[in-house]
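Undergrad: I have a structure here, written as structure tokens, and I will follow up with some questions on it.
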Amino acid sequence: MQTKRFIVRNDGFVCLHCGHHVPPAKAGCRNHCTQCLYSVHLDVYPGDRAAACGGLMEPVAIEYNSRKGYQIVHKCKSCGMTTKNVAALEDEIEPDSLFTVLAIMNDAAH
Ligand SMILES: [Zn+2]
Ligand SMILES: [Zn+2]
């Protein structure tokens, strides 16, 4: 008997910036690297993969939103667009690197 595998859109990926193998998130949609927090400009709206840009998105700031929690501000190195993504700090499989989050907060404060 075969075990059916779940088909999820929340796929793991290999980070284009640091080469880390990022596993799928336990909950929600994984859209940035857990180690360097870089993302790739693929979405117009989260998860739609409709943007043709494909540029690397650099984490430039961390913001705190009382409803959504900590958000990573990403800026596309190709087209300059900025987006906000909720940080996966409590993901059970592999949380975002707190060290990197703190480093970005420090950088932004200078
Ligand atoms: Zn990375
Ligand atoms: Zn872009």
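The values are calculated or read from the model by the stated rules, or taken from the named source; none is laboratory data. None of these values were measured; they are calculated from a predicted model. Heads up, the Cβs are rebuilt from the backbone with ideal geometry, glycines too, and the neighbour counts pull from every protein chain shown. Quick note on the areas: whole protein, heavy atoms, side chains included, nothing else; ligands and nucleic acids left out. Shrake-Rupley method; radii C 1.70, N 1.55, O 1.52, S 1.80 Å.
Undergrad: Please go through segment 32-46 and give me each residue that is over 11 Å from the mean Cα position of the chain (by Cα) and either surrounded by fewer than 16 Cβ atoms within 10 Å (Cβ to Cβ) or within 16 Å of ligand 1 (Cβ to nearest atom) (or both), ordered by number.
TA: Applying the first criterion (over 11 Å from the mean Cα position of the chain (by Cα)) to segment 32-46 yields 42-45.
Of everything in segment 32-46, those that are over 11 Å from the mean Cα position of the chain (by Cα) and either surrounded by fewer than 16 Cβ atoms within 10 Å (Cβ to Cβ) or within 16 Å of ligand 1 (Cβ to nearest atom) (or both) turn out to be Leu42, Val44, Tyr45.
Undergrad: List the residue pairs whose Cβ atoms are under 8 Å apart, where the first residue sits in segment 11-30 and is under 22 Å from Lys77 (Cα atoms) and open to solvent by less than 80 Å² (accessible area, probe 1.4 Å), the second is within 16 Å of ligand 2 (Cβ to nearest atom) and modelled with pLDDT of 85 or more, and the two are 6 or more positions apart or on different chains.
TA: Matching pairs, first to second residue: Cys15/Tyr38; Cys18/Tyr38.
Undergrad: Filter segment 84-96 for residues that are touching a strand residue (DSSP E or B) at 6+ places or on another chain (Cβ under 9 Å) and open to solvent by less than 70 Å² (accessible area, probe 1.4 Å); which is farthest from ligand 1 (Cβ to nearest atom)?
TA: The selected residue is Leu89.
Rundown of residues vs (1) more than 16 Å from ligand 2 (Cβ to nearest atom); (2) touching a Phe, Trp or Tyr at 6+ places or on another chain (Cβ under 6 Å); (3) under 13 Å from Tyr38 (Cα atoms); (4) open to solvent by 60 Å² or more (accessible area, probe 1.4 Å), yes/no style:
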| site | (1), (2), (3), (4) |
| --- | --- |
| Cys53 | no, no, no, no |
| Met57 | no, no, yes, no |
| Lys75 | no, no, yes, yes |
| Cys79 | no, no, no, yes |
| Thr82 | no, no, yes, yes |
| Leu98 | yes, no, no, yes |
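Conditions tested, residue by residue: (1) acidic (Asp, Glu); (2) in contact (Cβ under 8 Å) with a residue 12 or more places away in the chain; (3) outside any loop (DSSP other than H, G, I, E, B).
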site	(1), (2), (3)
Cys36	no, yes, no
Gly54	no, yes, no
Glu58	yes, yes, yes
Ile62	no, yes, yes
His74	no, yes, yes
Gly80	no, no, no
